[in-house]
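The values are calculated or read from the model by the stated rules, or taken from the named source; none is laboratory data. Quick caveat: nothing in here was measured; it's all calculated off a predicted structure. Ligands, DNA and RNA are excluded from the accessible area calculation, which covers all protein heavy atoms including side chains. Shrake-Rupley method; radii C 1.70, N 1.55, O 1.52, S 1.80 Å.
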Amino acid sequence: MDTLRKIGLWIWLFKELMILVVLVGVLCYRVYGVVNPPPPKNPEKPVRPTEVLESANQPPVPEPPPPPDIAQSYAEISARNPFRYDPAGASGAGKSGTQDPGITLRDIKELNGVLTARLLVKSTNTDDWHPVDDAFQGYRVTDIDAAAGTVTVYVEEFKKSFTLSKTP
């Protein structure tokens with residue numbers, strides 16, 4: 001028991017010296033690592049990113065798709081919203097009680113063997129020639145009758161078809 005007490009006392013008295021010896025040992029190990037560095041892990045020359053792309057012979061990355069039409073998607077969202085404010089009334093009807101499709105028939109002609117209608121969109125004030133089954137700005141031409149001078153247009157906003165006749 002006396003021997004253990006002497007060893008404990010010796011460790012207590014020389015604790016600073018033991019810490020100094022451990023620190024000098026760590027310092028020597030680090031100096032040895034700096035003087036004799038380990039061999040590099042990958043002795044090959046570094047490859048530039050352009051060389052990687054050229055060597056891969058991969059097809060070019062396709063461009064991202066165009067962003068969706070925000071106005072059209074907003075119209076779809078607001079049409080489904082039951083709490084949407086409708087200035088024309090709950091049924092979407094105007095003061096006269098009839099719905100205005102927002103499109104006017106200007107002319108009907110046969111272009112390149114295809115019957116087309118010249119339609120004026122009131123909201124954008126643009127007119128263009130549209131054949132049957134042509135969809136544009138929330139409208140779709142479903143039928144063109146040149147003999148009667150009428151065009152049937154499906155309007156996405158009202159979810160129904162309108163028959164337009166030529167105005168003089």
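Structure notes:
- Among the residues making up segment 112-157, those that are of a type outside the set (A, V, I, L, M) and open to solvent by less than 40 Å² (accessible area, probe 1.4 Å) are Thr116, His130, Phe136, Gly138, Tyr139, Gly149, Thr150, Thr152.
- So Val34, is it assigned to a helix (DSSP H, G or I) and either open to solvent by less than 100 Å² (accessible area, probe 1.4 Å) or at pLDDT below 65 (or both): no
- If the condition is being part of a strand (DSSP E or B) and either on the phi > 0 side of the Ramachandran plot or open to solvent by less than 60 Å² (accessible area, probe 1.4 Å) (or both), then segment 158-168 contributes Phe162, Leu164.
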